[in-house]
Amino acid sequence: ITQSERRAAAGSSLILPLGYSQDSVLYAQWRYKEQTFAIYRNKNKQITITNELQFSGRLKVNSDDLSVEVMNLQLSDSGRYFIVAQSSSGDQLPNKIIILTVYDVINVEIKSEQTWKAATNSCDVHLLCRASEDQTVSYRWRGFKEENGAQLNFTLKPEEGDVTLNCSASGSTGNGSNTSTVKCTPEKFGRDFPPHSSGRVGSGSRK
């Protein structure tokens with residue numbers, strides 16, 4: 001018996017490959033929680049859906065590489081999948097068990113605020129990451145800055161250009177992430193000269 005664990009997002013797909021060539025297998029079954037939903041017979045070289053169970057309209061077979069795909073995964077599709085096969089010589093091949101956990105995709109929003117500080121020629125940046133679902137989640141920032149927590153505060157200078165930050169949210173029922181690009185843009189204090197110049201506003205004079 002070979003056993004593996006898989007995690008997949010709701011709405012994604014799970015491919016269940018037999019792992020043997022057509023000629024080496026006489027018969028095979030795909031089961032979910034001990035209920036058979038697909039079989040392969042070497043006689044006609046085809047995989048047949050025998051019982052759609054809760055997968056109605058979401059099963060796709062590939063008889064060339066001997067695999068069954070469960071599409072548009074639902075949270076209720078979590079559980080044990082079994083692949084049982086018999087070799088062309090009549091021997092029982094090792095059973096495969098796939099333990100699937102389907103998780104919900106959390107929608108993540110990032111709110112960004114920044115304040116220009118002329119004294120330091122930089123921006124104070126404040127980012128807030130929030131999951132739209134009403135649940136307890138943990139947040140992790142990655143990219144330009146790496147930090148745990150929903151809030152992220154840092155200083156950014158104009159010459160650093162565009163910086164990218166990714167916030168991932170993890171909860172008991174799922175995960176999600178979002179990315180934000182931040183740039184520090186100096187505020188102009190007069191139309192006639194850039195903010196790093198000195199002089200009276202509007203006069204254009206320089207020291």
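The numbers here are math on the coordinates, done by the rules we state, and not lab data. Bear in mind the structure is a predicted one, so any value in this text is a computation, not a measurement. Cβ coordinates were reconstructed from backbone atoms using ideal geometry, including for glycine residues, and neighbour counts include every protein chain displayed.
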Return the whole-Å distance between the Cα centroid of the range 86-105 and the Cα centroid of the range 158-190. 42 Å
Could you pull out which residues in the range 108-141 have an amide N less than 13 Å from a spot 7 Å beyond the Cα of Ser170, following the Cα-Cβ vector? 137-141
If I stretch the segment between Thr120 and Asp23 completely, what's the gain in nm (0.36 nm per residue apart, minus their alpha carbon distance), one decimal? 27.6 nm
Cβ neighbours within 10 Å, averaged per peptide: list 87-96, 27-36 in order, most packed at the top. 27-36, 87-96
Given that just one value was derived from the coordinates, which of (1) 124; (2) 174; (3) 190 is volume of the Cα convex hull per residue in Å³? (2)
Could you calculate the FRET efficiency of Ile15 with Glu159 from 1/(1 + (r/R0)^6), where r is the beta carbon distance between them and R0 is 30 Å, rounded to 0.05? 0.05
Could you work out how far apart the two model spin labels at Met71 and Val105 are, taking each label as a point 7 Å from the Cα in the direction of the beta carbon, and quote it in nm? 1.6 nm
